[in-house]
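Notes to accompany the following structure.
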Amino acid sequence: MADSDSRAGERYATRPILDWCIDVHAAHDDALARAFATPADVPAIMVGPSEGQLLALLCRLARVHRAVEIGTLVGYSALHIARALPPDGHLWSIEFEPRHAALARANLAAAGLGGKVSVLEGAGVDVLPSLEAHGPFDAVFIDADKVSYAHYGRWAMANLRPGGVVLGDNAYLFGELLDDSPRGRAMREFHQIVAASCDSVCIPTPDGLVLGIKR
Ligand SMILES: C[S@@+](CC[C@H](N)C(=O)[O-])C[C@H]1O[C@@H](n2cnc3c(N)ncnc32)[C@H](O)[C@@H]1O
C-alpha cells in the first residue's frame, strides 16, 4: 500500500531505519567490510550496502552467468555481483584508475574471487569492444563516468542477450538529471535508450538505479 505522501515520493526511511535494515538484511562479512573500506587517497564512492545486496539478488533472480561492470573502484559491487554468479560464471569489471584496479584485485583475491572476476584497466569506451567476444552477456552494471552513460547504454543493448539485465547507478545524477549539461543530457539519453529496448524502471534508491530487462 501507499499513502498519498509515499505515492508522491515522500520517504519514511530515516537514517536509523536504514541502518537497522542494513543490519538485518545486508550486514557485511569480513570480505565485504574490507572492500567497503578505502585508503585515504581513494574516494569512498561505492554503492551502499543495501544497493550492493540488491545488485546481488537481481543477478541471482536473473540467473546471471556472464556479467560486465563499468566502474570497479575497489571491488565492493564486484564482490556482491561475483558472489551471485554460479561456479562457472564470470564478471569482467572495467576500471580507469590503476590504483583502484590494484586494490580491487587484492580485495577480490582476499574474498576467494580472484579467478571469477577480471579487472580490466582503461576507459570503458576503450575496453568494452575487447569484451564483445565473451558475449552476449546476462547483465551489465554501469557505475562510472556519467557523461558516457549513453554510450554504455547503447553498448549494453547491443551486447545483452534477450532477457538480460542492464543496471545503471546514479540515475538521478545527484539531483542534476534534468540539468542542461553534458552529464544531464547523457544520463537522460541513457534512460531513454534503456526504455526503448527494455521493460524498465528507475528504482528509487537514494540516487536512482535504472533496471531494464532487454526485450
Ligand atoms: C562510483 S565508482 C564505482 C563504484 C563501484 N561500482 C562500487 O559500487 O563498488 C566509479 C569508478 O569508475 C571509475 N571510472 C571513472 N571514469 C571511468 C571510465 N571512463 N572508465 C572506467 N572507469 C572509470 C573511477 O575511477 C571509479 O573508481
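The values are calculated or read from the model by the stated rules, or taken from the named source; none is laboratory data. Fair warning: this is a prediction, and the values are worked out from it, not measured in the lab. A quick note on method: Cβ atoms are made from the backbone with ideal geometry, for glycine too, and the neighbour counts reach across all protein chains shown.
Out of the residues in the stretch 196-215 that are of a type in the set (Gly, Ala, Ser) and surrounded by 15 or more Cβ atoms within 10 Å (Cβ to Cβ), which is nearest to VAL140 (Cα to Cα)?
The qualifying residue nearest to VAL140 (Cα to Cα) is GLY212.
Taken together, the residues in the stretch 72-104 that are buried (at least 21 other Cβ atoms within 10 Å of the Cβ) and either on the phi > 0 side of the Ramachandran plot or more than 11 Å from the ligand (Cβ to nearest atom) (or both) amount to 7. If I ask for residues that are assigned to a loop (DSSP other than H, G, I, E, B) and either touching a Leu at 6+ places or on another chain (Cβ under 9 Å) or closer than 27 Å to ILE213 by Cα (or both), which ones from the stretch 11-43 would you list? Matches in the stretch 11-43: ARG11, ALA26, THR38, PRO39, VAL42, PRO43. Only a single item in (1) near the ligand (Cβ under 10 Å from one of its atoms); (2) of a type in the set (S, T, N, Q); (3) assigned to a strand (DSSP E or B) is not met by SER118, and it is number (1).
Residues that are part of a strand (DSSP E or B) and basic (Lys, Arg) within the stretch 183-215 comprise just one, LYS214. Do any residues in the stretch 106-117 that are surrounded by fewer than 20 Cβ atoms within 10 Å (Cβ to Cβ) have Cβ atoms under 9 Å from those of residues that are among the β-branched types (Val, Ile, Thr), where the two are at least six apart or on different chains, and which pairs are they? From the stretch 106-117, the pairs are ALA106/VAL74. Counting only residues that are in contact with a helix residue (DSSP H, G or I) (Cβ under 8 Å, 6 or more places away or on another chain) and either part of a helix (DSSP H, G or I) or aromatic (Phe, Trp, Tyr) (or both), which one in the stretch 171-182 is nearest to LYS214 (Cα to Cα)? For the stretch 171-182, the residue satisfying everything is LEU173.
With respect to the conditions (1) within 14 Å of the ligand (Cβ to nearest atom); (2) at pLDDT 95 or above; (3) closer than 23 Å to THR205 by Cα; (4) assigned to a loop (DSSP other than H, G, I, E, B), LEU113 lacks only one, and its number is (3).
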